[in-house]
1. Any residue in segment 89-104 that is assigned to a loop (DSSP other than H, G, I, E, B) sitting within a Cβ distance under 6 Å of a residue that is hydroxyl-bearing (Ser, Thr, Tyr)? List the pairs, counting only those 6 or more apart or interchain.
2. Please verify whether segment 254-268 includes one or more residues that are among the acidic types (Asp, Glu) and in contact with a Lys or Arg (Cβ under 9 Å, 6 or more places away or on another chain).
3. Please work out if Thr310 is more than 22 Å from Val45 (Cβ to Cβ), of a type in the set (S, T, N, Q) and modelled with pLDDT under 95.
4. For segment 352-383, what are the residues that are among the polar types (S, T, N, Q), at pLDDT below 95 and part of a strand (DSSP E or B)?
5. So, of the residues in segment 184-199 that are in contact (Cβ under 8 Å) with a residue 24 or more places away in the chain and under 27 Å from the mean Cα position of the chain (by Cα), which turns out to be surrounded by the most Cβ atoms within 10 Å (Cβ to Cβ)?
6. For segment 483-502, which residues satisfy the criterion of being assigned to a loop (DSSP other than H, G, I, E, B) and either aromatic (Phe, Trp, Tyr) or over 19 Å from the mean Cα position of the chain (by Cα) (or both)?
7. Would you confirm whether any residue within segment 272-281 is buried (at least 16 other Cβ atoms within 10 Å of the Cβ) and either acidic (Asp, Glu) or touching a Gly at 6+ places or on another chain (Cβ under 8 Å) (or both)?
8. Here are Val386, Val342: which of them is buried (at least 17 other Cβ atoms within 10 Å of the Cβ), under 26 Å from the mean Cα position of the chain (by Cα) and within 25 Å of Ser275 (Cβ to Cβ)?
Amino acid sequence: MSRLLLLSLATAFTLGAQKLPFDAQALLSLSRIGDPQVSPDGKTVAFTVQTIDVPANTKPVQIYVVPLSGGAPRQITHEATSNTNPRWSPDSKVIYFISNRSGSSQIWSMDPNGGSAKQLTTLSTEADGVLVSPDGKNLVFTSEVYPECSDDACNKKKIDDESASKVKARTYTTLLYRHWTQWQGARRKHLMSMPVSGGAVKDLTPGSRDVPPFSLDGGRDYAISPDGIEVCFVMNADEELATSTNSDLYVVPIAGGETRKITSNPGADNGPVYSPDGKYLAWRAQSKAGYESDRWRLIVMERATGKVNTPTETLDRSVGSIAWTPDSTRLVFAMEDRGRSVFQMIPATGGGARTIVSGASQLDDPQFTPDGKTLVYTTQSGSRPVEIYRAASAGGAPTEMTHLNDAVFEKYHLGAIEEFEVEGAEKARVSSFLLKPYGFQATKKYPVLFLIHGGPQGAWGESWTYRWNAQVFAAAGYVVVMPNPRGSTGYGQRFTDEINGDWGGKAADDIMAVADYMEKQPYADANRMAAAGGSYGGYMVNWLLGHTVRFKAFVSHAGVYDLRSMFGETEELWFPLWEFRNTPWGDPEMYAKWSPSFYAKDFKTPTLVIHGELDFRVPFGQGLQLFTALKMNKVPAKLLVFPDEGHWIQKPQNSLLWYRTFLDWIGEWTKPPAK
């Protein structure tokens with residue numbers, strides 16, 4: 001017996017004896033950390049923790065604190081199911097937060113130990129996203145109000161009347177009449193302000209627009225100036241919101257008054273951050289109108305003169321989250337690069353950027369302590385969910401501050417993500433990430449599961465996900481392959497742009513080149529390969545259905561099937577207008593060329609179709625059309641529909657059903673042949 005075989009058997013025995021395979025139940029047992037906030041005195045970090053209550057089918061969120069000097073995190077809220085958005089007072093003696101403990105979402109305050117909790121708002125339209133002005137005098141938050149109402153009494157009457165009405169019909173005269181999972185109602189999200197000491201609530205953004213606009217990246221698109229006088233916010237004022245990505249920055253006095261627009265960029269502007277000394281305002285911007293995946297640049301404006309510079313103009317990567325150094329001379333930003341992200345630092349007035357934190361991980365939420373000596377941030381990887389870290393800003397090894405999931409890691413095995421490259425279409429280098437199965441033995445052959453990411457301008461990498469978790473699939477016995485074909489982000493803007501108008505072209509060739517590579521690996525069973533994807537990944541599955549028979553099974557989740565009907569059903573019309581350069585009636589050939597529905601006669605591979613009825617991004621009619629085509633062509637198929645889910649499957653019990661149905665289907669068609 002060879003040394004390699006002995007080592008493989010020993011490894012498998014050790015895994016089996018000491019740790020369990022990481023299944024979907026284990027996934028839901030993890031604590032999900034978010035929104036870290038360093039106290040102004042630099043001593044404490046407040047953050048949120050979401051846990052999963054599977055029997056109740058809920059995701060309660062509570063607030064924790066952890067000392068920056070070290071020590072165990074401590075939960076400081078216990079009431080109700082939603083305590084979020086912790087924000088410190090300037091003296092670090094009070095935490096303001098959002099809670100539903102009174103029966104609705106309102107602003108509360110408490111001391112840093114969780115005591116002396118006090119409700120500060122009682123709005124019928126509720127409150128969210130609270131910020132504290134740096135002078136400690138005012139709170140700024142959002143509330144969904146009726147634009148025609150000037151006070152809460154008016155809002156409450158309209159809410160009561162709407163609730164009591166037996167007529168639930170909707171009438172629209174404009175597009176973007178529904179978005180993500182919700183139909184547009186009569187209310188709009190506005191920015192509000194109120195004194196910390198109590199008093200009248202001011203509507204800072206009256207009118208028919210949502211402020212800030214809907215954002216998927218969770219960014220806080222408003223900020224308060226260091227002197228506490230001004231609020232900067234993001235708003236899209238274009239006439240047709242369904243075809244526009246042109247959000248701009250505006251400023252308004254915190255006491256209310258005239259609004260002033262300060263950007264004129266045709267693309268998106270978001271994420272404003274004031275420098276601590278108040279001299280500068282930084283934000284992220286895209287230059288191309290209508291293109292939501294254009295490169296994000298860092299913009300810095302000198303407030304006194306209006307002079308603007310773009311420090312990252314020569315950097316061929318997108319800028320993520322931003323933080324100022326306490327002395328207001330430099331900025332730190334997250335930058336995605338080849339499936340990972342790093343923190344880079346750059347002078348505010350321009351100059352060379354340098355990497356200050358990197359690794360096989362994704363970094364986010366950078367914040368400095370007031371003395372500038374410590375950087376606090378979050379880290380995640382393909383084998384670990386988000387935890388909070390600190391590092392000396394002068395350099396040195398980082399320290400993990402939270403450790404909330406250590407008990408899970410001690411019980412379950414999580415494998416390490418590997419990376420490889422192949423030559424794709426037009427000789428481009430195509431990167432993929434790979435996770436070997438639980439108990440992997442080099443002498444055995446395993447079924448291979450390809451996961452195709454959405455976007456299409458997205459990417460796999462060293463990041464944690466709860467919806468398409470590679471660890472769960474590897475624990476079920478699969479070699480998990482996650483290719484980053486044309487369109488993927490983090491490999492330069494040209495690589496990202498090359499999928500525009502070419503959805504089933506180079507990207508499909510890239511994926512098949514990865515399949516060619518995997519077929520040659522000694523541990524991969526070329527006769528037991530499957531592929532799955534969601535959104536654009538679902539589109540690619542649908543495309544491959546009509547173009548190859550190399551896979552034994554497919555899973556198409558929320559996949560685009562018929563591009564023509566998709567255009568008429570989806571909500572963010574800027575997306576197909578950019579990707580396909582026109583409307584279906586303006587360029588029918590383009591839509592026909594790349595629509596999987598035109599190749600239905602060639603469908604042969606068994607396919608599981610999954611869709612949420614509340615999915616307005618890729619409406620569930622796309623899934624129904626696909627399932628109908630499969631059945632009419634006598635192809636083995638199963639349809640799984642979630643009436644209470646949108647583009648993503650998020651409710652705990654639904655998530656368990658999703659994983660179980662997914663794995664059962666793939667397992668049915670990739671079983672080893674009978675001996």
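1. Ser92/Ser39; Val94/Ser109; Asn100/Ser82
2. No, there is no match, as no residue in segment 254-268 is among the acidic types (Asp, Glu) and in contact with a Lys or Arg (Cβ under 9 Å, 6 or more places away or on another chain).
3. no
4. Thr355
5. Here the residue is Leu191.
6. Pro485, Arg486, Tyr491, Gly492, Glu498, Ile499, Asn500, Gly501, Asp502
7. no
8. Step by step, each of Val386, Val342 is checked, and only Val342 is buried (at least 17 other Cβ atoms within 10 Å of the Cβ), under 26 Å from the mean Cα position of the chain (by Cα) and within 25 Å of Ser275 (Cβ to Cβ).
The values are calculated or read from the model by the stated rules, or taken from the named source; none is laboratory data. Only a predicted model underlies this, so the values are computations on that prediction, with no experimental measurement involved. Reconstructed Cβ throughout: ideal geometry from the backbone, glycine too, with neighbour counts over all protein chains shown.
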